[in-house]
Amino acid sequence: MAENTKTGLQNKMIYGVYVRNHTEEGNFKSIISDLDRIKKLGCDYIWFLPIHPIGEKERKGTLGCPYANRDYRGINPEYGTLEDFRYLVEEIHSRGMKCMIDVVYNHTSPDSVLSKEHPEYFYKNAEGNFSNKIGDWSDIIDLDYSNKDLWDYQIESLCMWAEIVDGFRCDVASFIPVEFWKRARKEVEKIKSDFVWLAETVHQSFGCYARRNGIYSALDYEMFEAFDIEYEYDVRETFDRYLKGEITLSHHLDMVNFQEAIYPKNYNKLRFLENHDQPRIASFVSGNVLLNYTAMVYFLKGTVHIYAGQEYANKFTPSLFDKNVIDRNTGVDLSDFMRKMYEIKQKELDAEDYFYSKADDELDIAIMTRENSDSIKIGIFSLKSKSGLVEVDLKDGIYKNLIDDKEIEVINGKVKTEGSPIVISTAK
């Protein structure tokens, strides 16, 4: 783990905002009026998808992808000015939240400032032309980190933004040398000692594919040398397969338990049901089932990520390339439920807890346990909203469901669930 990673980060929530799609106006100023609502969700960090100018050349869609960055040191004029962004960050800080921005350092747009001023910083194909190693990313060209002058430029850019913001979410961070990130972290720390680093580590199969094809892709345990939090993409594929009915719940939870076995005790995986690259969870599940999934994510060890619109159970996955404003009139609002789960995570779930889980595959119920020397916490999540008896590691007696304050009785080491999520906390 990064030497100064705080375990308390595991109990935080990061709220993801795509400025273009967050409001009709789609600019920095329009977000200010929504900050109080975001704060009430239980938000600690607001993460903005890339805020920099977008490339024109090979642009996808009508407006282009923010991950095709044209200028690392500029602001997308669609969103406003640097002064507008500074003011937005001040408003975020005034509400007790912090700000994180997206860092896209694997590649740039083909017409980026760097491609014109420093073509030697870029990867070239066999014909000597700008290119990228992953062919379907047609609107970007890859950088070449064997050039150490590129390191200096990129770190100078990070230090510039660290004067304003409080953290970086680093896009496909696994494709960039870990040694670069370690050096960058040290330099940024001179500016802001409590800065937070979040790595988008890659899916298990993607990392293996890259390495088989001679593309550098750092392993997750290596990435923890430089980052405080990293994506849970090492187990995401089993989650997706369970969601589609292809494998049992036990299969997925075995992988989650494996994380507890292979990482240091203070490891921190970003826990999410959806993000800007994944389908909306509400396109798969709804109602009480959605509540169970949501509660389970908060119960897991690790920082929680909520992608804007998730609280309204948006089903449509917004495009990165066009304008798709969040639908706030779905008739569903999970905000109070998310706030309750955030409070439980803050008050009851200790970052030092040991974690283990098991599944009732017949009922599709996850039974998760977190414990330390003082307390034990049980989460029961019925992922098909089925009723039934499940075994728990609790003494017989009456307990309280922290989610709805209803009494839960344990008889002969079993709890009867009616299909709603349950969280119990008790002293040992």
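All of the numbers you see were taken from the coordinates with simple rules; none came from a lab. Values in this document were obtained by computation on a predicted structure and should not be read as measured data. With ideal geometry, Cβ positions are generated from the backbone for all residues, glycine too; neighbour counts draw on all protein chains shown.
List, in the order given, every pair from LYS340/LYS406; LYS12/LYS265; LYS6/LYS98; LYS57/LYS124; LYS12/LYS182 whose Cα-Cα distance in the structure shown is over 20 Å.
Details: LYS340/LYS406 14 Å; LYS12/LYS265 17 Å; LYS6/LYS98 15 Å; LYS57/LYS124 17 Å; LYS12/LYS182 23 Å.
In this structure, LYS12/LYS182 exceed 20 Å between Cα atoms.
Given C-alpha coordinates of the range 113-166, what is the ratio Rg to Rh with the Kirkwood estimate of Rh? Intermediate values should be presented prior to the final figure.
Details: Rg = 13.2 Å, Rh = 12.5 Å.
Here Rg/Rh amounts to 1.05.
Per 0.36 nm of contour for each residue apart, how much would the distance between ALA427 and CYS159 grow if the chain were fully extended, relative to their Cα-Cα spacing? It would help to have the intermediate numbers written out before the result.
Details: separation 268, 0.36 × 268 = 96.48 nm, distance 4.54 nm.
Full-extension gain reported as 91.9 nm.
Reducing the range 82-122 and the range 351-381 to their Cα centroids gives an inter-centroid distance of 39 Å.
Anything over 25 Å Cα to Cα? Flag those among LYS384/LYS414; LYS40/LYS345; LYS244/LYS395, in the order listed.
Working: LYS384/LYS414 19 Å; LYS40/LYS345 15 Å; LYS244/LYS395 36 Å.
Over 25 Å apart, Cα to Cα: LYS244/LYS395.
Summarising the amide proton neighbourhood of LYS400: residues at separation of 5 or more, or on other chains, whose placed amide H is nearer than 5 Å comprise ILE408, SER425. Here's the picture: charge each Lys and Arg Cβ at +1 and each Asp and Glu Cβ at -1 in the chain, and of ILE140, VAL289, LEU270 the one pushed furthest to the positive end of that dipole is VAL289.
Hey, can you list the DSSP H helices of the chain whose Cα span along the axis is 27 Å or longer and whose average Kyte-Doolittle score is at least -0.5?
Details: long enough: none.
In the chain, no H run is both long and hydrophobic enough.
Rounded to the nearest 0.05, what FRET efficiency do GLU24 and ASP396 have when you use their Cβ-Cβ distance and R0 = 51 Å? Here the calculated transfer efficiency is 0.35.
Each label was represented as a point 7 Å from its Cα along the Cα-to-Cβ direction; for SER205 and THR317 these points are 1.4 nm apart. When all alpha carbon pairs of the range 60-123 are counted in 10 Å bins from zero, the resulting P(r) reads 18, 41, 30, 11, 1 %. For the chain, the relative contact order is 15 percent, taking Cα pairs closer than 8 Å that sit 6 or more residues apart in sequence and dividing their mean separation by the residue count. Counting only Cα atoms, the range 173-237 measures 38, 23, 13 Å along its principal axes, largest extent leading. Over all projection directions, the Cα-based convex hull of the range 110-224 averages an area of 7.7 nm².
Inverting the pair-averaged 1/r between distinct Cα atoms of the chain gives 22.6 Å as its Kirkwood hydrodynamic radius.
Of the residues PHE85, VAL188, ASN314, the one whose Cα sits farthest toward the positive end of the charge dipole of the chain, with +1 on the Cβ of Lys and Arg and -1 on the Cβ of Asp and Glu, is ASN314. Amide H contacts under 5 Å for ILE176: ALA218, restricted to partners 5 or more places along the chain or on a different chain, H placed in the peptide plane at 1.01 Å from N. In the chain, the DSSP beta bridges split such that about 60 percent are antiparallel, to the nearest 5. The rule of thumb for compact globular proteins, 2.2 N^0.38 Å, goes into the C-alpha radius of gyration of the range 1-146 1.20 times.
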